[in-house]
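What follows is one structure encoded as structure tokens, with my remarks underneath.
Bear in mind these aren't lab numbers, they're just calculated from the coordinates by the rules spelled out. Note that the coordinates shown come from a computational prediction; the quantities given were computed from them, not determined experimentally. Using ideal geometry, Cβ is built from the backbone for each residue, glycine included, and neighbour counts are taken over all protein chains shown.
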Amino acid sequence: MPGYFWKLRDFLKAENRQPNNIIAGQDGRLYEIRDSLFGRLVLHRPLVPDFDVIQEGFEYRLPKIPGELLTTAISFFKAYCSQDAQNEVMVQIFYDRQTGQYEIDCPEQIVRWDSIEADCTQRFNDPRYVQVLQIHSHNAMPAFFSSKDNSDEQAYMLYAVVGGLLDEVPEMKLRVGARGQFLPLPLEYIFDKPDLAREGTYPVEWHQRVQIENSSESNQGGFEVVEEVFSIMLTSSNGQKKTAKVFIKESDCKWVAGWSSDESQEIWFEGVSWNGLLEAFRSGISKKLKEGYSPIPLEQANL
């Protein structure tokens, strides 16, 4: 049976060590150290039969969050998402230990179309309140957790994002996490009868806690490229090759999709609807493929 150590220094100080030992590493992995007369071998140990089988998971121990609170949050989010202007906003949900009820709160926040700076420490600081969930919007964009979300959401709690707010039924992603590690969760596990399409009301005083920051400076000088999807090439009948670049861009809180070459530029879509963007993008790509273009690796394009 091997010896087990949490610290390397404890292993090095130990007397009468076993020929092979298991030591925990800073990276969260287990390592086996084997000693013999001719040397010391250190290998990652993927399986330790002496240990019990443990699976990742999450058990929610509080009552389900009423679906009405989710309706309140989404209705508030929609107030900051229109055809003319879109900004992300957030709310948070607390559990009151004394009453056994949930409270929804809008913290002081500075919002932009793509980010939020919120002061979540001002309210509900009493130990009777347990912060359960932070939920923010992605305006008309799809619901997804960005790399910034992954970096910011370090505390142990539930996190959610709502997108597609201009669609008839928005979409929502939910997860639980701590220290940058997350597990996805189904909405029905946390919320009681969630209805993303339902309209509701919210406290009008919440608007006083939201400051919209004009981010138009970030778009001065033309389009900001969000994603260059790929390049396409056409070989003509005389053997000449023509190359163009297919793109998705953002300008003034609107999506723009199209293609550009040395000869011309085509705009396939300009607007705020993500579904409309995808439909126009697929149609434009299909048209170009029928004209004889084919995808090539971006690094091979000479534009």
Stretch in the chain that is longest and holds no trypsin sites (Lys or Arg not before Pro) that DSSP places in a loop and that have at most 13 other beta carbons within 10 Å:
180-303
Under 10 Å, Cα contacts only: if you run a Gaussian network model on the chain, which one of 20, 150, 139 comes out with the highest mean-square fluctuation?
20
GNM of the chain, Cα pairs under 10 angstrom: of 48, 210, 246, the biggest fluctuation goes to 48
Overall form of region 3-44 per C-alpha gyration tensor (a/c, 1.5; a/b vs b/c)
oblate
Testing the spin-label approximation: label points 7 Å from Cα along Cα→Cβ at residue 282 and residue 108. State their distance in nm.
4.7
Do any chymotrypsin sites (Phe, Trp or Tyr not before Pro) in region 144-205 lie in a loop, going by DSSP, with at most 11 other beta-carbon atoms within 10 Å of their beta carbon, and if so which?
144, 156
Distance in nm between pseudo-label sites at residue 98 and residue 61 (7 Å out along the Cβ direction from Cα)
2.2
Counted charge near residue 168, where neighbours are those whose Cβ lies closer than 13 Å (Asp, Glu -1; Lys, Arg +1):
-2
Rounded D (µm²/s) - region 1-130, Kirkwood Rh over Cα pairs, Stokes-Einstein at 25 °C, 0.890 mPa s:
121
Given charges at Cβ of Lys, Arg, Asp, Glu: the chain dipole, positive-most of 276, 18, 255:
18
Give the Cα extents of the chain along the principal axes, in whole Å, largest first.
78, 66, 35
Can you check what the net charge comes to around residue 8, using other residues whose Cβ is under 14 Å from the Cβ of residue 8 (Lys, Arg +1; Asp, Glu -1)?
+2
Hand me the GluC sites (Glu not before Pro) from region 51-88 located in a DSSP loop with no more than 10 other Cβ atoms within 10 Å, in residue order please.
56, 59
At 222 nm, what value in deg cm²/dmol follows for the chain if DSSP H runs of at least 4 each add -39500 (n - 2.57) and the sum is divided by all its residues, to the nearest 500?
-4000 deg cm²/dmol
Taking a ≥ b ≥ c as the square roots of the eigenvalues of the Cα gyration tensor, with a/c under 1.5 meaning rounded and otherwise prolate when a/b exceeds b/c and oblate if not, region 65-214 is rounded
With each pseudo-label sitting 7 Å past Cα toward Cβ, what's the residue 193-residue 83 distance in nm, one decimal?
3.4
Once residue 4 and residue 16 are pulled to full extension, the length gained, defined as 0.36 nm per residue separation minus their Cα-Cα distance, is 3.0 nm
For the chain, built as a Gaussian network whose Cα springs stay under 10 Å, the top-fluctuating residue of 125, 21, 275:
21
